Amino acid sequence: MKLIDTHCHLNDQALYQDLDNVISRALQTGIEKMVVIGWNKESSETAIKIAEQYPFIYACVGFHPENLDGVNEKTLYEVLNLSKHPKVVGIGEIGLDYHWEKDPAKREIQKEFFIKQIEYANEHGFPISIHSREAFQDTLEILKNHRPQHSGVMHCYSGSVENIKDIINLNLYIGLDGPVTFRNAKTPKEVAAEIPLERLVLETDCPYLSPHPLRGTVNEPANLILIADEIANIREMSKKHLLEVVYDNSCKLFNL
Ligand code: NI
């Protein structure tokens, strides 16, 4: 079994406090590589620190749209310039979150920082990890006007089957997470069935979004296999083949 968790937050205190055990459980389930994603300055620095300790762990740095309070040009580029570290493989997670942000002025700020971070990634040769929650149309418009030049992933994709083609037209990958396994999840299962296999990557987004039957517990990379099992079932294909293709996709996405 060869697995890559392309979006995990081992830099979150819930996992970081027990890092060695979390990582050894991951390795026992067949996880070979993990990409730790930052959401602000401190978490981006911690992501790099973890990547320095383990040869099979990589980092992404950036500002999540809900972590922009008090961020200015100086702090933004301080964090983006952490990408000069050899273990940094992407910029993220970046994007728009209209679920938590209702203030139109603050949504404009999210857009502004999203664009700046895409442009930085384009200039410096990085893929991006995109967070988009209840903001698909605006996310898409920005991506069309500021096209990612080195690919990227629509992380934890929660949109419709119809919108998959818009993402693929931008040469992006689609990340699926725990919600695919939820018993009542109709759309995520339809999406899992329809994504072209060569565009699919798997992620836990741990410590959040534990897959069924572990919902409500602290998620960790070891649980990625539950997501793979469910997608193989939905697509009626062998798990071995699914994982081979997804492994290649993940390596291509982040140049691992
Ligand atoms: Ni995340």
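The values are calculated or read from the model by the stated rules, or taken from the named source; none is laboratory data. Remember, predicted model here, so these are calculated numbers, not experimental data. As a convention, Cβ positions derive from the backbone with ideal geometry for all residues, glycine included, and neighbour counts pool all protein chains shown. Calculation scope for accessible area: heavy atoms of the full protein, side chains included, ligands and nucleic acids excluded. Shrake-Rupley method; radii C 1.70, N 1.55, O 1.52, S 1.80 Å.
Summary of computed values
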read-out	value
Exposure rank, largest accessible area first [PHE114, PHE136; 1.4 Å]	PHE136, PHE114
Sulfur and carbon atoms: percent of accessible area, the chain [1.4 Å]	50 percent
Area projected by the alpha carbon convex hull of the stretch 3-254, averaged over all directions, nm²	12.3 nm²
In the stretch 152-226, GluC sites (Glu not before Pro) in a DSSP loop with at most 14 other beta-carbon atoms within 10 Å	GLU162
Cα-Cα over 25 Å, subset of LYS186/LYS252; LYS33/LYS106; LYS33/LYS84	LYS186/LYS252; LYS33/LYS106
Heavy-atom accessible area ranking, 1.4 Å probe, most first, across MET154, MET1, MET237	MET1, MET237, MET154
P(r) histogram, all alpha-carbon pairs of the stretch 56-102 included - 10 Å bins from 0, percent	25, 48, 23, 4
Selected from PHE254, PRO188, ILE225, residue furthest toward positive end of dipole (the stretch 181-256; charges at beta carbon)	PRO188
Residues of the chain: accessible area per residue with a 1.4 Å probe, Å²	43 Å²
For the stretch 116-202, diffusion coefficient by Stokes-Einstein and Kirkwood Rh (Cα), 25 °C, 0.890 mPa s, µm²/s	185 µm²/s
